[in-house]
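Enquirer: Take a look at the following structure, please.
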């Protein structure tokens, strides 16, 4: 067994928001003959770094089933059949087939652009996330934080889709964090099976390849992007430090004094959020991560529909709860709405919210 990270402090099994997305779109390729299953090899000393490196090199086509486990008893789990093509170093695409309705959903990634077809067959484009990998929301940017805050173990695993694997376990060293299990192709570094757990130890999502074929190249003509896609989102200004953000925008970001163990400020963004009525709401987002789990602080000045101002200083109208698989805490300071949301415990997010400061304003809780 290979271990990376500090010796474990006793922690319960908790989630990882997979909050990623292996994305792409297109038609099916003709079936290929499966390669012979290679002999078992020991796991690499640094399995995640090796996985990221190999995924930049290998081309493949495969079919997998993905299940999104419902967090509400009255809702059914959603199952997708996905046909995936990967053409390194920058092109990959996926066909999503929603079962049993069989409504197709297509996404195509080319370089730094992500193209999506909506239900009216329109195409929209936005920038690809730095975190997107083949089924795991990890990146070189966060590996040091991940090794610091999680216990990473790798050992030889069972066959998946007739391929040899090694199993990677990523368990948090602090309570209230996500967790993940991944079965990685021992030759090509592709995650063949993944299970994601919430911070309460509940299965949140899983996928598993039923067929996968590797070869040296795919037809790049199949990856041609649409001619004139519609812009989907505005990325806005993004900086790595508060000082850089102040220099770029003339504004101060919302920052918290009390953070959950292991979390660090990663970046700050200024953007615009579309409202249901067609309007736009400016916001500033401060993004924190411990290497895998994350939360964001959103500050929205002049937000419509806020509570009536009382002249009181500090935080008011505090609420918290869960939306989907993410927890949140929200409150108001004068006419600024402050929201903290992410895949860490609700109590921790309330604690973060209580320590947020806005420049020119008193602390949200005096």
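Where a number appears in this text, it was derived from the coordinates with a stated rule and is not lab data. Source: prediction; values computed, not measured. Please note: Cβ atoms are built from the backbone with ideal geometry, for glycine as well, and neighbour counts cover all protein chains shown.
Enquirer: Simple spin-label model, 7 Å along Cα-to-Cβ: residue 81 to residue 98 in nm?
Expert: 1.6
Enquirer: A follow-up question, please. For a quick check: sort 150, 174 by the number of other beta carbons within 10 angstrom, fewest at the front.
Expert: 174, 150
Enquirer: Then there's this: So how do 336, 198 line up by other beta-carbon neighbours within 10 Å, fewest first?
Expert: Sorted ascending by nearby Cβ count, the order is 336, 198.
Enquirer: Still on this model: Can you give the FRET efficiency to the nearest 0.05 for residue 208 and residue 355, using r as the Cβ-Cβ distance and R₀ = 45 Å?
Expert: Details: r = 41 Å, r/R0 = 0.92.
It comes to 0.60.
Enquirer: Kindly state, to the nearest 0.05, the FRET efficiency for residue 273 paired with residue 200, given R0 = 35 Å and r defined as their beta-carbon distance.
Expert: 0.75
Enquirer: Additional query: Sorted from fewest to most neighbouring beta carbons within 10 Å, what does the list 56, 269 look like?
Expert: 56, 269
Enquirer: Report the gain in length on full extension from residue 159 to residue 323: 0.36 nm times residue separation, minus Cα-Cα distance, nm rounded to one decimal.
Expert: 55.4 nm
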